[in-house]
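The structure under discussion appears below in the form of structure tokens.
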Amino acid sequence: MTSRPLPFDPIARAAEIWEERIGPSEAMAAVTSVMRVQQIIQSAVDGALRPHGLTFARYEALVLLSFSKRGSLPMRVMGERLQLHPTSVTNIVDRLEADGLVKRTPHPTDRRTTLTEITEAGRERREAATKAVTEIDFGLRGLTSRQTRQLSELLARVRKSVGDFTD
């Protein structure tokens, strides 16, 4: 991030030039803005989670497990809900397990399935990390609660259109 703000919006300026030289710029400006905001949010969230020894992916996994009724889920289900490749889920669980935040347990009725279960240390870490990210509004600044809901609704439309969910 730059140390001082620019005297103009570079994305708006790029959109003007795009419009002059290429054509309609709405999608380019929107996507460029989303990408920039993603960088801003990622930096803020990483900064809030770093003191807790977590990445956002590991934090999401702890939250998902804490939301489950029993505090455990099959790794396949974790991958589906987190929308991650099985290899990524394995890596996340490996790191969380090495830190004592989750443990692998055999499924009680399906010998082919391994459950990932959040530990008490994992619950405590998730709670402290949640406090840290909520204190900074997950890095999403400058919007009212209503605008934040609208943003989520608009982004959900894009996600739904590419098949993230059916509703």
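Quick notes on this one:
- One residue from 123, 159 being open to solvent by 80 Å² or more (accessible area, probe 1.4 Å), outside any loop (DSSP other than H, G, I, E, B) and touching a residue at least 12 places away in the same chain (Cβ under 8 Å): 123
- For segment 126-156, a tally of residues being open to solvent by less than 100 Å² (accessible area, probe 1.4 Å), of a type outside the set (A, V, I, L, M) and not in a helix (DSSP H, G or I) returns 2.
- Considering 71, 100, the condition of being among the small types (Gly, Ala, Ser), open to solvent by less than 20 Å² (accessible area, probe 1.4 Å) and at positive phi is satisfied by 71 alone.
- Residue that is open to solvent by less than 70 Å² (accessible area, probe 1.4 Å) and either in contact with a Lys or Arg (Cβ under 6 Å, 6 or more places away or on another chain) or at pLDDT 95 or above (or both), where the choices are 43, 88: 88
- Scoring residue 51 on the criteria (1) in contact (Cβ under 8 Å) with a residue 24 or more places away in the chain; (2) part of a helix (DSSP H, G or I); (3) out of contact with any strand residue (DSSP E or B) (no Cβ under 7 Å at 6 or more places or on another chain); (4) surrounded by 16 or more Cβ atoms within 10 Å (Cβ to Cβ) leaves a single failure, condition (4).
- Selection from segment 10-38 of residues that are assigned to a helix (DSSP H, G or I) and open to solvent by 100 Å² or more (accessible area, probe 1.4 Å): 13, 20, 21, 26, 35
- Per-region count, segment 74-115, residues under 14 Å from residue 59 (Cα atoms) and hydroxyl-bearing (Ser, Thr, Tyr): 1
The values are calculated or read from the model by the stated rules, or taken from the named source; none is laboratory data. Computed from a prediction, not measured in an experiment: that's the story for all the values here. Note: ideal-geometry Cβ built from the backbone for every residue, glycine included; neighbour counts use all protein chains shown. The protein model used for the area step is the full one, side chains on, heavy atoms only, and it has no ligands, DNA or RNA in it. Shrake-Rupley method; radii C 1.70, N 1.55, O 1.52, S 1.80 Å.
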